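Any read-out appearing in this document is the output of simple, stated calculations on the displayed coordinates, not a laboratory observation. Note that the structure is a prediction, hence the values are computed from the model and not measured. So basically every Cβ, Gly included, is an ideal-geometry build from the backbone, and we count neighbours across all protein chains shown.
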Amino acid sequence: MKVTVAGAGYVGLVTSACLAELGHQVTCIDVQKEKIDMLQSGHSPIYEPGLEVLLEKNLRKKQLHFTTNPQDAYSETDIIFIAVGTPEKEDGSADLKYIHVTAHTIANYIEQDVIVCTKSTVPVGTNEIIQHIIDSRKPPNLKAVVVANPEFLSEGSAIIDFFHGDRIVIGTNDPKAAAEMEHLYLPLQIPIFKTDIRSAEMIKYASDAFLATKISFINEMTFICENVGANIEEVAYGIGQDKRIGPHFPKAGIGFSSSCFPKDTTRKVIWRGEKNYDENY
Ligand SMILES: NC(=O)c1ccc[n+]([C@@H]2O[C@H](COP(=O)([O-])OP(=O)(O)OC[C@H]3O[C@@H](n4cnc5c(N)ncnc54)[C@H](O)[C@@H]3O)[C@@H](O)[C@H]2O)c1
């Protein structure tokens, strides 16, 4: 398949390199020229184990291209992944300006029917806004179906997570788009969970909230163990044997940080999706 990935950040680069490795023809677009120049010469702007090897290999095989030119990226492609940033605003809500700009650009440049698949973490209702932006600006004879496909990778094990993830979530009400997405991911042999768009968007936030809770919980237990003379490793093993709890607890640490958990666990992010659309974008 011909695939375009918008955003050469953590998620976009891993997605691009891994989809190229699966045999898809991938074009990755970013607005930062220095980043694209660096990537075109085979160097990764981020360190992620295994990423640079995949980038070099697939650039050499011409399975993977980098560009800043939206005409090259969007005019002839089957699936567009949106993997641009959704940083936290000062008030805790998600800043969707990069998402809105990307949706506009896609609408302006597509020349064939396309699936637009959102990997960026976006508040519930955002994919409907993306659909609205594209529908109101694209050529009327073309069809663009927006699908929610949240990303669950962890920095540091992102390539392994791509090829051996626990599940792939596809949110759409369009059976044809769902089938095409399933076909794209088929070689990975990862369980695919198909659902509606809003549930898919919510699954990402609920997953991050639950994982953050587990980290906070085990850290709190560590603190208590230290005070009462118990061993947290033994306690974690002991509680994990209960099937309702499960054995996969994170190790005790200094709390959660990462680029996702702090911003994705504020309630404002989840509730404010629909109020976040500024017609000026
Ligand atoms: N990093 C993670 O571990 C992780 C995991 C899961 C989900 N996510 C989510 O995925 C999304 C991307 O995260 P990231 O860490 O890759 O972000 P990032 O900031 O590393 O990269 C975003 C990239 O998008 C580019 N961009 C901005 N506007 C653009 C446009 N109009 N066209 C093309 N490119 C554009 C930026 O220049 C940047 O290179 C976010 O919503 C994030 O919450 C991240």
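Largest mean-square fluctuation among His24, His104, His183, in a Gaussian network model of the chain whose springs join Cα atoms under 10 Å apart, belongs to His183.
Mind sorting Leu13, Leu211, Leu55 by how few other Cβ atoms lie within 10 Å of their own Cβ, fewest first? Ranking Leu13, Leu211, Leu55 by Cβ neighbours within 10 Å, fewest first, gives Leu211, Leu55, Leu13.
Between the Cα long axis of helix 175-185 and the first principal axis of the chain there is an angle of about 70°, rounded to the nearest 10. Based on DSSP, what percent of beta bridges with both residues in the chain are antiparallel, to the nearest 5? Antiparallel bridges: around 5 percent, rounded to the nearest 5. Residue order for Ser41, Ser16, Ser259, fewest other beta carbons within 10 angstrom first, comes to Ser41, Ser259, Ser16. This model, with +1 at the C-beta of Lys and Arg and -1 at the C-beta of Asp and Glu, gives the chain a dipole about its Cα centre of some 300 debye. Structural size metrics of region 2-196, computed from C-alpha coordinates, are Rg and Dmax of 15.6, 45 Å.
Length gained on full extension, Glu88 to Phe193: 35.0 nm, using 0.36 nm per residue less the C-alpha separation.
Fewest first, what order do Cys117, Cys18 take by the number of other Cβ atoms within 10 Å? Mind dumping the intermediate values first?
Numbers: Cys117 26, Cys18 22.
In increasing order of surrounding Cβ atoms, one gets Cys18, Cys117.
Region 23-99 and region 124-179 have their alpha-carbon centroids 16 Å apart. Using only Cα atoms and rounding to the nearest 10 degrees, what angle (0 to 90) does helix 126-137 make with the longest principal axis of the chain? Helix 126-137 sits roughly 10 degrees off the main axis of the chain. Highest-first packing order for the peptide set 44-51, 26-33, 156-163 is 26-33, 156-163, 44-51, based on the mean count of other beta carbon atoms within 10 Å. Residues whose amide H comes within less than 5 Å of that of Ile80, counting only those at least five positions distant or on another chain, are Thr4, Ile115, Val116, Cys117 (H built at 1.01 Å from N in the peptide plane).
In the structure shown, do any of Lys97/Lys176; Lys89/Lys138; Lys35/Lys176 have a Cα-Cα gap over 31 Å, and if so which?
Details: Lys97/Lys176 29 Å; Lys89/Lys138 29 Å; Lys35/Lys176 35 Å.
Flagged as over cut-off: Lys35/Lys176.
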